[in-house]
Amino acid sequence: MKKYSWILGMAVMLILTGAGCAKQVGNNSTGTTTSSQKEYITIGGIIPLTGVAAEYGANENKAINLAVEKINKAGGVLGKDLKVVLEDSKCDAKEGATAVTKLINVNKVDVLASFECSGPTFSGAPVANANNKLFLAAVATAPGLGEMGDNIFRIAPSDAIQGKDLASAIYNKGYSKTAIMYANNDYGLGIKKVFEANFKGTLVGSEAINTDASEFRTNLIKIKGNNPDSVVLVLLSSKQYTTVLKQMKELGLTQQVFGTETMKDDSLIKEAGSLMEGKFLTYYQTPSTSIRSAWAKEMKEKNGAEPGVFADFAYDVVMAYAQAIQKAGSVDGTAIKTALQGLKYNGVTGEIAFDKDGEVTGGSFSLFTVKNGKFEEVK
């Protein structure tokens, strides 16, 4: 894998300057532990528990708790209980490196995970790689993560795939003049670049928005002036999507809307109501298997509701790590990396195996629409 010297230099600088004062959060958290005191196998995770993507972090945290509970009831990993220590990334790129540094230097975790958001994942990954710590990402999908080092893996398909699939879906539906509104961060910019390079029609408008934006009329007026036949939304939360859809209606924008995987959220249908009807979006292909059905049932029984969006990927990160560490026979980084490279795990998101760059193999996206208030795959 390609390594960038400037990235590693930044990582080393962060390591030498220490972890700062990042707040330790989550009900799986633990205090500082020395290697001689350790009675657990510990995964250190960064996750948005506050900030624009907190709703996704809450979904994922529930799945993490279930995974840890199941693993420990079955005897743990290498005869020890598994523990997950969580640091709040706030879905902010500036927080990732600091959080990962703290997990390594203060919490002394065995392996690392990023459960959500490309920005903090991309800033934290070089720190993990420089410390020879395994770093497994769930839903942090901006292209290029595999180039950051030999210790970096990801179980969700890259947006290099999603951007192409979205471009094809829109053009194949008969739309040739589209505009895009995207979050101005690693995630949004990553999809926008891939989409722009692969769309066979004409991109007539492009509006970058701040990740914490709550007002979109100015952007939408610009888009309306370009007279597109469709609008692509790459946003970060159900609240943002709801506001955009309401303001589109106010401004008389009746163009067909296409979204990305962050749009496939049941809470968005509740918040936006009929405004979601007939909208299209791309989302990861997920299997209809007994493994997934059993997991969904357990999640509902434990939490009183269906599992939220992205919970499945968080669950599989924990389960994949447990299997790899058990196979490695120790918490040695090289041994775990070898185990991950040869992993074939049937998870709730499908079969998980990695290519030479640490990217999940066989990942793809399906097109969904909203019909009668429910997400439905377009066959």
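Coordinate-derived values only; no laboratory data. Owing to the predicted nature of the structure, the values given are computational and were not obtained by experimental measurement. Here the Cβ is made from the backbone with ideal geometry for all residues, glycine too, and neighbour counts use every protein chain on show.
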Helix 186-198: angle to the longest alpha-carbon principal axis of the chain, degrees 0 to 90, nearest 10?
50 degrees
Charge dipole (debye, nearest 20) of the range 292-355; +1 at Cβ of Lys and Arg, -1 at Cβ of Asp and Glu:
120 debye
If you average over every viewing direction, what projected area does the convex hull of the Cα atoms of the range 178-257 give, in nm²?
4.7 nm²
Using the Cα centre of the range 101-248 as origin and beta-carbon charges of +1 (Lys, Arg) and -1 (Asp, Glu), tell me which of VAL127, LEU203, PRO157 is placed farthest towards the positive end of the dipole.
LEU203
In the chain, which longest range has no GluC sites (Glu not before Pro) that are both DSSP loop (not H, G, I, E or B) and surrounded by at most 14 other Cβ atoms within 10 Å?
40-214
With a Cα-only, solvent-free Debye model of the range 180-320, what are the log10 I(q)/I(0) values at q = 0.09, 0.10, 0.11, 0.21 Å⁻¹?
-0.32, -0.40, -0.47, -1.32
Which value at 222 nm does the chain reach when only helices count, each DSSP H run of 4 or more adding -39,500 (n - 2.57), with the total divided by all residues and rounded to the nearest 500 deg cm²/dmol?
-13000 deg cm²/dmol
Once the Cα gyration tensor of the chain is diagonalised, what are the square roots of 5 times its eigenvalues, in whole Å and ordered largest first, as equivalent ellipsoid semi-axes?
35, 22, 19
Starting from the Cα of SER364, move 7 Å in the Cα-to-Cβ direction to define the label point; list residues of the range 171-214 whose amide nitrogen is under 14 Å from there.
none
Which cross-chain or sequence-distant (5 or more) residues have an amide H under 5 Å from the amide H of ALA137, H modelled 1.01 Å from N in plane?
SER114, PHE153, ARG154, ILE155
Grab the Cα-Cα distance for LYS177 and ASN72, subtract it from 0.36 nm times how many residues apart they are, and report the gain in nm with one decimal.
32.5 nm
With +1 on each Lys and Arg Cβ and -1 on each Asp and Glu Cβ, and nothing else charged, work out how big the dipole of the range 240-323 is about its Cα centre, in Debye to the nearest 20.
120 debye
Restricting to Cα pairs under 8 Å and 6 or more apart, the percent relative contact order of the chain works out to 17 percent
Taking 0.36 nm per intervening residue step and subtracting the Cα-Cα distance, what contour gain separates ASN184 from LYS379 on full extension?
67.0 nm
Taking other Cβ within 10 Å of each residue's Cβ, how do THR361, THR254, THR121, THR243 sort, fewest first?
THR254, THR361, THR243, THR121
